[in-house]
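Have a look at the structure below before the remarks.
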Amino acid sequence: MPESSASSPNVTTTPSIRTGTLNRKPWVPSSSSASDRLKQALWYLTQEFDYGTARSHPNPVMPLATAVCNLRNYHKQSKASTVRLIRDHFNSRAGYAWSPEGIRLVWKEVERFTPSLGLIDEKAIAKQRKAFLENEVVDLIAWTVPGERVWDKELERVFREWNPELEITFTGNLFTRAVKAVNGMSKTSIGGRYYWEGFHLPTAEEVAVAAGKAA
């Protein structure tokens, strides 16, 4: 609950914050050392947090939940550290004096929520790209036909045609890893070429038959 303050509304209960973002996208916590995470948390509260939006927000608990979620789930701060950081650096800037009791309550509530900083971390972005790539590969593999084999370069060519907007480095094996993750198969070397075994690109005849069944 917020402490009594001339700049704080008289709120006696903490509103629910269960309208936030649950863990639906790949995200990561900070991989820095504990001492560096504390420094980063302090920088986040003093230099990065949008206090202008926080001060004008109709529900003051939401900006607090955003800050606490990032402190707990991204910067890995303990409950005690989070309470101290919020009281020392958040309250005066947000214009809302949250009490230790209120901060601890929010700290508990945000346990299952995704920290916004965890979504924009470079490692998280790489995970999101990987997940998106695999999702697109699922559609491609579903279009292929079971049996025989397909040259890996031919499969890559079709994927490029299907997804011309994707910027993907095939030489980095990202596509290969995505295909393997989707179908669990490995490539086979035959005559200096690599092939995916167990499926092939549909022939014109097979496409026509499939179209006839769908009609």
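At-a-glance table
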| quantity | calculated |
| --- | --- |
| Accessible surface, per residue, of the range 50-182 when the full set of protein chains is kept, probe 1.4 Å, Å² | 53 Å² |
| Charge context of Thr176, other residues only, Cβ under 13 angstrom, K/R +1, D/E -1 | +2 |
| 5 angstrom amide H check on Trp98, placed H, neighbours 5+ away | Glu3 |
| In nm, spacing of pseudo-spin labels at Ser56 and Lys130 (7 Å Cα→C-beta vector) | 4.0 nm |
| Cα extents of the range 48-155 along the three principal axes, largest first (Å) | 67, 27, 20 |
| Sum of side-chain charges, Arg93 neighbourhood, beta-carbon under 11 Å (Lys, Arg +1; Asp, Glu -1) | -1 |
| Residues Leu174 and Glu48, FRET efficiency given R0 of 25 Å [Cβ-Cβ distance, rounded to 0.05] | 0.20 |
| The range 130-215: C-alpha gyration tensor shape, a/c 1.5 cut-off, then a/b vs b/c | oblate |
| Relative contact order of the range 118-215, defined on C-alpha pairs under 8 angstrom at six or more residues apart (%) | 37 percent |
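The values are calculated or read from the model by the stated rules, or taken from the named source; none is laboratory data. Just so it is clear, the model here is predicted, and its values are computed rather than measured. Because the Cβ atoms are built from the backbone with ideal geometry, glycine has one as well, and the counts that use them run over all protein chains shown. Please note that ligands, DNA and RNA were not included when accessible areas were found on the heavy atoms of the full protein model with its side chains. Shrake-Rupley method; radii C 1.70, N 1.55, O 1.52, S 1.80 Å.
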